[in-house]
1. Can you tell me which residue is farthest from His151 (Cα to Cα) among those in the stretch 190-217 that are open to solvent by less than 40 Å² (accessible area, probe 1.4 Å) and free of Cβ contacts under 8 Å to residues at least 60 places away in the same chain?
2. Pairs please, first residue from the stretch 154-169 and of a type in the set (S, T, N, Q), second anywhere and open to solvent by less than 10 Å² (accessible area, probe 1.4 Å), Cβ atoms under 6 Å, 6+ apart in sequence or on different chains.
3. Could you list all residues from the stretch 1-24 that are open to solvent by 30 Å² or more (accessible area, probe 1.4 Å) and either modelled with pLDDT under 90 or of a type in the set (A, V, I, L, M) (or both)?
4. Working only within the stretch 173-189, note down all residues that are open to solvent by less than 80 Å² (accessible area, probe 1.4 Å) and more than 19 Å from the chain's Cα centre (by Cα).
5. Could we say that Leu88 is in contact (Cβ under 8 Å) with a residue 40 or more places away in the chain and either on the phi > 0 side of the Ramachandran plot or not β-branched (Val, Ile, Thr) (or both) here?
6. Please determine, by comparing only the residues of the stretch 214-234 that are modelled with pLDDT of 90 or more and in contact with a strand residue (DSSP E or B) (Cβ under 8 Å, 6 or more places away or on another chain), which one is farthest from Ile6 (Cα to Cα).
7. Can you name every residue in the stretch 226-240 that is open to solvent by less than 10 Å² (accessible area, probe 1.4 Å) and not aliphatic (A, V, I, L, M)?
8. How about the stretch 151-168: which of its residues are surrounded by fewer than 20 Cβ atoms within 10 Å (Cβ to Cβ) and in a helix (DSSP H, G or I)?
Amino acid sequence: MGVVYIGDRATGKTHLALELANPKSEYVKVANLDYDNLRVQLLDENSQAKPTPLQMPYQRYLEIQARLPSGNKQVVVDWIDTAGDVWLKSYQRDYSDQWTQFLEAIRSSEGVLLILPPHRGMSFQPGVDVEQFVTQKQWCNRFDRWVEFFHYQCSKLRHLAICINKADLFCDLSQEAGKLSYKPYGSSMNWQQRHTYVLQKYFRPIYSQLEQLNKGLSSGSVRCFITSIHHRSLLELPWIYLGSFLAK
């Protein structure tokens, strides 16, 4: 299997995937889904993501095409949208078949794209209601759960891309995209440099956990990103990274 797309609750996963399918693309496009049809399926009349059914992880398959210097590459993505209850022991007991299905998809994947929300310790733009986000301590505690999960359940994982979404709320998108954006020829940073820059600026509270994760991937790596539906270059960047290493 290629890539599994997952994340914390209420992180904007639905809108991120939807905007990736927007035909106004740069280097990445979704080949198998129509943007307008997908919008009707995923959003309600107020353009809010429809709730995820509790009874089962909701799966869609995305055929991602990345335009790279070596040619067009394809990544098959298994998008598993789960209710927040999936992590509860009671859910795993009462919906054991669905939990097993979720684990099987994760265990067989070579790449994972994990979406995280911002936290209150970040420098938000004026006017942002910070109360809608968890505290930095809660955010770190949540990530500890992901570290444990990847350690015990993802032995085949080669590449883990971790994104803090909604970057428009806590940074200057144009400025950051100017530093981080991908260009087939002549990018100002390589993947390691991008990772180091984002890690030091936005992921510092979980630096030790990321080091632990990195050591656990014997033949792979962890890379950090920031994403937003309001800037195509930042939106595409983790997919280009995964396409560069895992595409067929």
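1. Going through the qualifying residues, I end up with Arg194.
2. Close Cβ pairs (under 6 Å, with a partner that is open to solvent by less than 10 Å² (accessible area, probe 1.4 Å)) amount to Asn165/Thr11; Asn165/Ile115; Asn165/Thr227.
3. Met1, Arg9, Ala10
4. Gly178, Lys179, Pro184, Gly186, Ser187, Met189
5. The answer is no for Leu88.
6. Looking at the filtered set, the residue picked out is Leu234.
7. Thr227, Ser228, Glu236, Pro238
8. Hits for the stretch 151-168 are His151, Tyr152, Gln153, Asp168.
The values are calculated or read from the model by the stated rules, or taken from the named source; none is laboratory data. From a predicted model like this one, the values you see are computed outputs, not experimental measurements. We place every Cβ from the backbone using ideal geometry, glycine too, and count neighbours over all the protein chains shown. Heavy atoms of the whole protein, side chains included, go into the accessibility calculation; ligands, DNA and RNA do not. Shrake-Rupley method; radii C 1.70, N 1.55, O 1.52, S 1.80 Å.
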